[in-house]
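Take a look at the structure below.
Read-outs: derived from the displayed coordinates by stated rules, not from any lab. Quantities reported herein were computed from a predicted structural model and do not represent experimental measurements. All Cβ positions, even for glycine, are placed from backbone atoms using ideal geometry, and neighbour counts span all protein chains on display.
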Amino acid sequence: MSFLKNRTMCNLVIIFIFLQACSAEYLYNSSNPETREYWLRFLIQKEDIISEINMETEIREETIESETEIFDEDLGSLSLEWVLLQGAPRARTYGINIGIDHNDFIYVAGDTNEALFQRQLIGKRDVILGKYDSHKNIIWRRQIGASQAILQVKDFGVDPNGNSYILGLTWDAFAGPASGKSELFLIKFNSEGTQIWAKRVGNRGLYDMYPRKIAIDELGNSYIIGNSTGPFEGNTGVGCTFILKFDANGNQVWIKQIAIAGATIVPNGVAIDKVTGSIYITGSGSANFETLSRLSADTSLFFIFKYDSNGSRQFFAQLGFTSSTTAGISISLDPLSNVFVGGNTNVDLESGEQTNFRGFLVKYDSSGFLKWIRHFGPISSDKQTVVNAILTDEVGNVFLTGGSNANLLDEAESSVGNEDLFLIKYNSSGETKWFQQVGTVESSIDSTGLARDSEGNLYCSGYSNGSINEVSKIGFQDLFILKYR
């Protein structure tokens, strides 16, 4: 059985994470049936240390005997200009996302369990943030933490003026007292690397919050999506998914929450339409979002929600088939407000035939009509492919990055490493323009972020436990930045 929804063909989403399922009765608002406004209105609401770089931190640029292989198709359109690996001996360092400001400066955020940008580790796991120019020169770097605190960076965004916004979670005292539950934090830095404010949001110590992604609009408003194991701020019912808005000064503006009895809903991506200011969310859920009913445990649909700047949902779409899982992971919009979603699925989203987990890209127009679907990765075997990040350019091309343990050009072959990075470009009609896969023997290269500067250069961030293109790693796992021209 396939699912169709609200002028769009609908299909169903995957769930990679175990979160507590909603079990209480749901609430919904159907006051405007023309726009299908079904949602729960649940809006939430030691010393912290910032260290500027004061030592020469190791940046690995030396070459070693290459174990990296590159598979490519039409590589004449794509060339690797440089690789940057940053780490410390014995460290596990994660690059979580990358952003570029209107002056083409590059910002990367992540976390580490060693002294990376200063002489000593501050807590047990610290936040890291760096600014670089297009030639990989360091402008500044920061390491942020609190005594004994474990800080996990979940996502990162940059506004056009170079202000950076770091989203994370902690159980420990940071930007506020510990409550005994997982709570989110949000830190804002200006373009000079000075902290402007830090906010912490929890649920009165009653429930855990799990922030997942953030998007920043042109005015510096932040939109955060995530999950909670309970409702917030006086609302009843059990919460699963939330969207939270902060203004540029760090004031909480609103929060909306969605719960469907017995269903698990996982938001994975958020994006802003620069033309209309609408906010789009994608993810996965074991629910039919048209009827607000739970589906069987072996079915999970991919969904898109659309909200206006006040938090009112205007329409949604879903896509998937029964007895299968389909997850939207990343979402982006082009200048014509076409909506692109990348993710992975174990079903052919056109025929309904069961497959191995493969990557997919779908395009909807601004009215919510499905335009096309693309799949990539082996149909059968034990291989898996997933999209982690996508972006669009000014003419509607879409760029994807993700990971696979398959050879995406030759389905009979395996990846070079345990997991390889891939980059793909499609035009607005869904035609493949170029493809590249990068892997290192016995290593995993996890791409997590993608950005593009004003000259069309492409930057990919992530983390790796092996060398990349003859640049050797420093720690157990290093943050990386790749620049493509």
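What the table below lists for this structure:
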quantity	calculated
Packing-based exposure ordering (other Cβ within 10 Å, fewest first) of 416, 253	253, 416
In order through region 217-227: 3J(HN,Hα) via Karplus (6.51 cos²θ - 1.76 cosθ + 1.60), integer Hz, x for Gly, Pro	8, 5, 8, x, 6, 10, 10, 10, 10, x, 10
Pairwise FRET efficiency - residue 314 versus residue 192, Cβ, R0 = 35 Å, nearest 0.05	0.35
At R0 = 30 Å, FRET efficiency that the Cβ-Cβ distance of residue 431 and residue 275 yields, to 0.05	0.75
Built amide H within the under 5 Å cut-off of residue 293, gap 5+	288
Burial ordering of 126, 308, fewest other beta-carbon atoms within 10 Å first	308, 126
Rounded if a/c under 1.5, otherwise prolate or oblate - region 277-421, Cα gyration tensor axes	oblate
Reachable lysines, given that their alpha-carbon falls under 27 Å from the alpha-carbon of residue 306 and they are not under 8 places away in the same chain	5, 154, 188, 199, 213, 245, 256, 274, 363, 371, 425
HN-Hα J in Hz across region 154-164 - Karplus 6.51, -1.76, 1.60, θ = phi - 60°, x for Gly and Pro	9, 6, 7, x, 10, 8, x, 8, x, 6, 10
